[in-house]
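Engineer: Before I ask anything, here is the structure I am working with.
Computed from the coordinates by the stated procedures, all read-outs in this text should not be read as laboratory data. Here the structure is a predicted model, which means the values were calculated and not measured. Every residue, glycine as well, gets a Cβ built from its backbone with ideal geometry; the counts of neighbours run over all protein chains shown.
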Amino acid sequence: MPLYMYQAAYTAESLAAQLKKPENRVEAVGRSVCEAVGGKLVGGWYCFGDYDLALVADVPNNESMAAIALAIAAGGAVKSAKTTVLMTGAEAVAGMKQADAVVKVYKPAR
């Protein structure tokens, strides 16, 4: 199954609620949302910077990851989020090899 990295920044209201009742939301929410679409949570972390948390999800397809991202956004607890498709080294190398065919036909605007 494809791997995705989902990063989110909490709203001030969500952070205030978590301070009142501390709980590992990464584990509690991350595992259940991945399992809801037939996938699994590879890992989840809280972090500093533009985003407050990062999840790595192993889910069946783009539609499944979109369902997770949309449901979380609709809940209102995050103010911004980003989803990144992750590739293995072998997938990246395969893309590099295919790039040669694209380079032969691509002409940048000048």
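Engineer: Could you check the spin-label model distance between residue 63 and residue 99? Points 7 Å from the Cα along Cα→Cβ, value in nm.
Structural biologist: 3.2 nm
Engineer: Can you list residues whose amide H is under 5 Å from residue 52's amide H, if they're 5+ apart or on another chain and H is modeled 1.01 Å from N?
Structural biologist: Result for residue 52 returns 8, 9, 10.
Engineer: A follow-up question, please. Need the full-extension length gain, residue 36 to residue 13, defined as separation in residues times 0.36 nm minus the C-alpha distance. One decimal, nm. Let's see the in-between values first.
Structural biologist: Values: separation 23, 0.36 × 23 = 8.28 nm, distance 2.58 nm.
Residue separation times 0.36 nm, minus the Cα-Cα distance, leaves 5.7 nm.
Engineer: Using packing as a proxy for protection, rank 76-89, 43-56 so that the peptide with the highest average count of other Cβ atoms within 10 Å comes first.
Structural biologist: 43-56, 76-89
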